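Student: I have a structure here, written as structure tokens, and I will follow up with some questions on it.
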Amino acid sequence: MSNCSFCATKLARGNLFSFRPHSIREHIKKAIASGAKEIWLTSQDISAYGRDIGTNLTELLESIVKIEGEFLIRVGMMNPLHFKKFELNSLIEVFKNPKIFKFLHLCVQSGSNKVLKIMRRGYSVEDFVYYVEKFREEIIDLTLATDIIVGHPGEEEEDFEDTIDLIKEVKPDIVNLSKFSPRPGTLAYKMRQIDKKIINERSKKLHELIQKISLEKNKKWLGWKGKVLIDEKFDKGFQGRNLSYKPIIIKECNLSYLGKFVDVEIVDAKNNYLIGKIIDFQ
């Protein structure tokens with residue numbers, strides 16, 4: 001199993017443990033019977049699912065989409081390392097199912113192969129780009145999320161610029177940006193640390209690029225019309241998600257709309273969300 005340099009999860013939780021597919025399906029059936037419309041499949045790394053029990057994520061998803069009912073599945077964070085271990089085309093094919101959000105959370109952590117090697121990630125930047133391109137070729141309006149850590153020990157200025165270049169090339173919809181922080185017990189904790197001022201400067205520069213790209217991507221949704229599942233209440237209104245898992249703020253809703261599908265038109269775009277207007281309610 002993988003054991004990257006910076007992560008303390010394995011120290012806290014141990015090696016891989018996968019729940020049996022039958023158990024997962026039964027939990028989903030009960031949730032749907034209770035009125036759930038949005039199902040999250042989540043873990044520390046869901047792409048590793050099933051390796052300890054002789055199955056994989058693709059087989060799990062293929063069985064879940066056969067469950068009767070009106071619901072949507074959100075697949076959680078995945079690691080490019082494990083994409084090498086199962087048939088990619090089969091995973092993409094099941095992602096096309098109308099019961100699965102067109103949302104790919106594929107972490108990369110750095111745009112530098114040198115830093116990825118230091119991190120002990122087990123994949124290359126080229127691997128990540130290839131997987132993203134394969135998904136995008138087959139799934140229209142895919143929402144891509146990734147993770148970046150700035151300031152991992154060993155990251156020099158040219159490595160950081162490689163990360164900038166990767167984000168410009170791939171243009172993710174969402175980037176979960178983190179400043180490196182050493183965790184006791186990890187390999188990275190023992191490495192020579194980068195000055196916090198440098199980390200802050202790099203984080204600020206990358207954050208500005210991420211926000212710019214996110215807004216550009218969101219503006220492409222202006223004028224879109226389609227079904228949105230209302231799934232959350234905020235102080236300023238309600239949030240829904242379309243099939244691409246785009247967060248859409250809708251002010252006209254009330255509590256009776258929660259868990260319902262509505263027809264929405266996108267009328268405005270912000271860095272981190274869209275603004276929609278209901279055009280029909282069923």
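The values are calculated or read from the model by the stated rules, or taken from the named source; none is laboratory data. Note that the structure is predicted; figures quoted are calculated from it, not measured. Positions of Cβ are backbone-derived with ideal geometry, glycine not excepted, and every protein chain shown enters the neighbour counts. Keep in mind that these areas ignore ligands, DNA and RNA; they rest on the heavy atoms of the full protein, side chains included. Shrake-Rupley method; radii C 1.70, N 1.55, O 1.52, S 1.80 Å.
Student: Are there any GluC sites (Glu not before Pro) in segment 31-114 that are in a DSSP loop and have at most 15 other Cβ atoms within 10 Å? List them by number.
Tutor: Details: sites: Glu38, Glu59, Glu62, Glu68, Glu70, Glu87, Glu93; in loops: Glu68, Glu70, Glu87.
Sites meeting the loop and neighbour criteria: Glu68, Glu70, Glu87.
Student: R0 = 25 Å: FRET efficiency of Leu215 with Glu169, Cβ-based, nearest 0.05? Please report the intermediate quantities before stating the final value.
Tutor: On the way: r = 18 Å, r/R0 = 0.71.
Efficiency, from the Cβ-Cβ distance: 0.90.
Student: Ignoring ligands, DNA and RNA, what percent of the accessible area of the chain is carbon or sulfur (1.4 Å)?
Tutor: On the way: 7290 of 14430 Å².
C and S atoms contribute 51 percent here.
Student: I would also like to ask the following. Relative to the longest principal axis of the chain, what angle (0 to 90°, nearest 10) does the C-alpha long axis of helix 125-138 take?
Tutor: Taking Cα atoms only, the helix is inclined about 20 degrees.
Student: Turning to a different aspect of this structure: Please give me, ordered by residue number, the GluC sites (Glu not before Pro) of segment 138-228 that lie in loop per DSSP and have at most 13 other Cβ atoms within 10 Å.
Tutor: Details: sites: Glu138, Glu155, Glu156, Glu157, Glu158, Glu161, Glu169, Glu201, Glu208, Glu216; in loops: Glu155, Glu156.
Those satisfying the criteria are Glu156.
Student: Full extension from Lys179 to Ser124: what is 0.36 nm times the residue separation minus their Cα-Cα distance, to one decimal in nm? Each step should come with its number before you reach the end.
Tutor: Values: separation 55, 0.36 × 55 = 19.80 nm, distance 2.09 nm.
Additional length available on full extension: 17.7 nm.
Student: Might you tell me the accessible area per residue for the chain, computed with a 1.4 Å probe and given in Å²?
Tutor: Working: 14430 Å² over 282 residues.
Each residue of the chain exposes 51 Å² on average to a 1.4 Å probe.
Student: For every helix of n ≥ 4 consecutive DSSP H residues, a contribution of -39,500 (n - 2.57) applies; sum these over the chain, divide by its total residues, and give [θ] at 222 nm rounded to the nearest 500 deg cm²/dmol. Don't jump to the answer; show the numbers that get you there.
Tutor: On the way: 9 runs with 97 residues, N = 282.
Computed mean residue ellipticity for the chain: -10500 deg cm²/dmol.
Student: Would you mind checking Lys134/Lys212; Lys168/Lys217; Lys66/Lys171; Lys96/Lys246; Lys99/Lys225; Lys29/Lys260 for any pair whose Cα atoms are more than 22 angstrom apart?
Tutor: Lys134/Lys212; Lys66/Lys171
Student: Stretch Lys277-His27 to full length: gain in nm at 0.36 nm per residue minus the Cα-Cα span?
Tutor: Details: separation 250, 0.36 × 250 = 90.00 nm, distance 3.38 nm.
Computed gain between Lys277 and His27 is 86.6 nm.
Student: Quick one: work out Rg over Rh on the C-alpha atoms of the chain, Rh as Kirkwood radius.
Tutor: Here the Rg-to-Rh quotient is 0.98.
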